[in-house]
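Rule-based calculations on the coordinates, nothing more; no lab input. Keep in mind the model is a prediction, meaning the values are calculated, not measured. Every residue, glycine among them, receives a Cβ derived from its backbone with ideal geometry; neighbour counts consider all protein chains shown.
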Amino acid sequence: MELYFGSTLSAANTLLIAGIASFIALQYHGRGRAAGWGRRLLILVSAGLLVCILAAIRDNYALSVAAASTGGETGLFSVESFQSVSASLAGLAIAAVSISTLFIRKDKYSKAAFFMVSGIFVMKLLLVEASRIVMGG
């Protein structure tokens, strides 16, 4: 519990993750509704970006970026680590899918994009959080 509620930042991030998981589950449950998938995707991407920013702050990722160029102490994950590279590529995929909905303006595509982004976000979240548990960070 200390890992997820040990500080205000960790607790806020944990609660935001739970909120996003609930939002995704509610959208899956009500997936028969036809309209508004673009707005739902925007909410998901915005909240997901906030989670990523809070997680980077929580895990001292700025130290890892600084250490990559000048040496010194790193955060929980180094810039070259599997977790960092995978999370960055997942973020790129989320951005690409999200931006594509600006050009493909069909609600059916926005719905598919929402669930693609949801899956990528969940995989990214599982990778980082499982790594934190294993590394004791």
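What the table shows:
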| item | result |
| --- | --- |
| Relative packing of peptides 9-21, 37-49 - highest average C-beta neighbours within 10 Å first | 37-49, 9-21 |
| Geometric extent, Cα atoms of the chain - Rg, Dmax (angstrom) | 16.3, 52 |
| Angle in degrees between helix 37-58 and the longest Cα principal axis of the chain, rounded to the nearest 10 | 0 degrees |
| Candidate lysines for bridging to Lys124, where Cα separation is under 21 Å - those fewer than 8 sequence places away on the same chain excluded | Lys111 |
| Expected 222 nm ellipticity per residue - DSSP helices of 4 or more, -39500 (n - 2.57), all of the chain, to 500 | -27000 deg cm²/dmol |
| Whole-number D in µm² s⁻¹ for the stretch 1-63, Kirkwood Cα-pair radius fed into Stokes-Einstein, 10 °C, 1.306 mPa s | 123 µm²/s |
| Nearest-ten-degree value, helix 8-29 long axis tilted from longest Cα axis of the chain | 20 degrees |
